[in-house]
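Asks: Dropping the structure in here first, questions after.
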Amino acid sequence: MLATVLFINYVDRGAVPTAAPLIQHDLHLTNEQLGRLFSAFFWIYALIQIPVGWLAERYGAHRVLAAGLVIWATATMLVGIASSFAMLIALRMMLGLGESAGFPCVSKLLASVVPIKGLGQANGIVAFGYLIGPGAGIFAAGLLIDHFGWRGTFLVFGVISLLWLAPWSAVKLPALATARSDAQTPTWSMVLRQKGLWGTSLGLFSSNYVWYFMLSWLPSYLVNERGFSMHEMEHVTTLGYLINGLSALAIGWSIDRYVAHRGSANFGYKLVMVVAHAGAVPCMLGMALGSQSTAVAAMFGFQVLMGASSPGMYAMSQILAGPRASGRWVGIQNSIGNLSGNISPWVSGIIVDLTGHFTLAFIAAAVVSALGIVGWIGMVPKLAPLKWGESPTAAASPGAIL
């Protein structure tokens, strides 16, 4: 159910970028306005993560998650009747408000239910849901737009999203997952003093910069820069996101098997992060400077690497924070990490307007990807549950990749 709700989250989130060429034409938007529209989602999404993490621990992550879905499904439906750029901006912000419930609530629930030795596979399954969401959304939107236009497509997506609430209401969760916060919950000050929090936040910021750049601009890049038709673009991107999700499943399972046999979650997760962030650099450069076939191969390579890194983005935080603090930790991490969503789509749109090409936008993404290694490896301590109440240095000393 958690994988399904984040699948829906990303289908709805990616609907505007999917329909962007049509929306841009109908409402006469510039690339800068389109980039601002993409970024508007994150103005609220990043800001509200921290209070949502608190709400998840105070009132129950299962309830907050359901409320968030109602808000974002409503926003998706209303896009279908939007008649101005200002209204689209407001609805993207409303979508960000609702979808902010996703990762803090999911992480709180996973940390409360799943043991450390299973977090790789659990996060891989959840990541499979949200990583294939954009591809499934693009494919479904392509079919629906042909029959109902882009406005009708948003109405359909919003209504279907609400159906998730029915089976979720029947899910029986253990007491630890639904318990409200108490005196044993680590304080905000205790969480903020952890160097590992800032490491996972920097790592997520780097990952998300590249991810949101691709999520927002890949359809337009393939159509406008590489000459793909809308249907060709739909097939290529759908396959890419499917590969992304399958990679997350495979690596999440592999890390758990490695931990079971070797016992070093620290080495397994951090090695994957180094390979993923370093490997994304030539992928971005290949898309920027290569031939059409090279660019498509580089895009698929990036999807493999992005999927591989996805289980660790939240499993590492869940291991460190534990069930007592995962909601707050991931709320802060996601707030900082998703600031890149404010920057990446908008700045990329400005670059494309100024240069007429995506080349410099891809080069910028390559540089930011390399910075992620500093966060995941240089700042995150050895992966083990923190002993809340001790000093940050006593709780967990800085850990190398070994």
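A short reminder: the numbers here are calculations on the coordinates, not readings from a lab. Worth saying up front: this structure is predicted, and the values here are computed from it rather than measured. Positions of Cβ are backbone-derived with ideal geometry, glycine not excepted, and every protein chain shown enters the neighbour counts.
Asks: For the modelled label position 7 Å from the Cα of LEU162 along Cα-to-Cβ, which residues of segment 29-66 have backbone nitrogen atoms closer than 18 Å?
Replies: Hits in segment 29-66 for LEU162 at 18 Å: 65-66.
Asks: For TRP188 and VAL367, what is the calculated FRET efficiency with R₀ set at 30 Å and r taken between the beta-carbons, to the nearest 0.05?
Replies: On the way: r = 32 Å, r/R0 = 1.08.
Computed FRET efficiency for TRP188 and VAL367 comes out at 0.40.
Asks: Right, here's the next one. Based on the Cβ-Cβ distance of ALA260 and SER83, what FRET efficiency does E = 1/(1 + (r/R0)^6) give at R0 = 45 Å, to the nearest 0.05?
Replies: Details: r = 56 Å, r/R0 = 1.24.
It comes to 0.20.
Asks: In the neighborhood of VAL236, defined by Cβ-to-Cβ distances under 15 Å, what is the net charge if each Lys or Arg adds +1 and each Asp or Glu adds -1?
Replies: -2
Asks: What's the angle, to the nearest 10 degrees (0 to 90), between helix 61-79's Cα axis and the longest principal axis of the chain?
Replies: That works out to roughly 10 degrees.
Asks: Another question about this same structure. Taking 0.36 nm per intervening residue step and subtracting the Cα-Cα distance, what contour gain separates LYS172 from LYS387 on full extension? It would help to have the intermediate numbers written out before the result.
Replies: On the way: separation 215, 0.36 × 215 = 77.40 nm, distance 2.93 nm.
So the chain would gain 74.5 nm between LYS172 and LYS387.
Asks: Taking θ as phi - 60°, what are the ³J(HN,Hα) couplings along segment 241-258 by the Karplus curve (6.51, -1.76, 1.60), each to the nearest whole Hz, with x for Gly and Pro?
Replies: 5, 5, 4, 4, x, 5, 4, 4, 4, 5, 6, x, 5, 5, 4, 4, 5, 4
Asks: Now a separate question. Any idea what % of Cα-Cα pairs in segment 1-112 are farther than 25 Å?
Replies: Values: 1448 of 6216 pairs.
Beyond 25 Å sits 23 percent of the P(r) for segment 1-112.
Asks: Taking the alpha-carbon centroid of each part, what is the distance from segment 14-89 to segment 208-263 in angstrom?
Replies: Distance between centres, Cα-based: 21 Å.
Asks: Quick one: among ILE125, ILE116, ILE81, which has the greatest mean-square fluctuation in a GNM of the chain with alpha-carbon springs under 10 angstrom?
Replies: In this elastic network of the chain, the residue with the biggest mean-square fluctuation among ILE125, ILE116, ILE81 is ILE81.
Asks: Which whole-number percent is the relative contact order of the chain (Cα, under 8 Å, 6+ apart)? Provide the component values of the computation, followed by the final result.
Replies: Working: 736 pairs, mean separation 114.0, N = 402.
Reported as a whole number, the value is 28 percent.
Asks: Can I ask one more? Where nothing but the Cβ of Lys and Arg (+1) and of Asp and Glu (-1) is charged, how large is the charge dipole of segment 48-164 around its Cα centre, in debye to the nearest 20? Show your work: numbers first, answer last.
Replies: Values: 6 positive and 3 negative charges, 46 e Å.
So the dipole magnitude of segment 48-164 works out to roughly 220 debye.
Asks: Right, another one. Report the local net charge at TRP43: Lys and Arg +1, Asp and Glu -1, summed over other residues whose C-beta lies under 15 Å from its C-beta. Walk me through the numbers on the way to the answer.
Replies: Values: positive: ARG13, ARG36, ARG92; negative: GLU99.
Net local charge, TRP43 excluded: +2.
Asks: Follow-up. Using helices alone, I'd like the mean residue ellipticity at 222 nm for the chain: each DSSP H run of four-plus residues gives -39500 (n - 2.57), total over residue count, nearest 500. Could the numbers behind the result be given before it?
Replies: Numbers: 18 runs with 322 residues, N = 402.
Computed ellipticity for the chain at 222 nm equals -27000 deg cm²/dmol.
Asks: Still on this model: Through the Karplus equation 6.51 cos²θ - 1.76 cosθ + 1.60, θ set to phi - 60°, convert the phi angles of segment 300-316 into ³J(HN,Hα) values in whole Hz; use x for Gly and Pro.
Replies: With the stated coefficients, segment 300-316 comes to 5, x, 4, 4, 4, 5, 5, x, 4, 7, 4, x, x, 4, 10, 4, 4 Hz.
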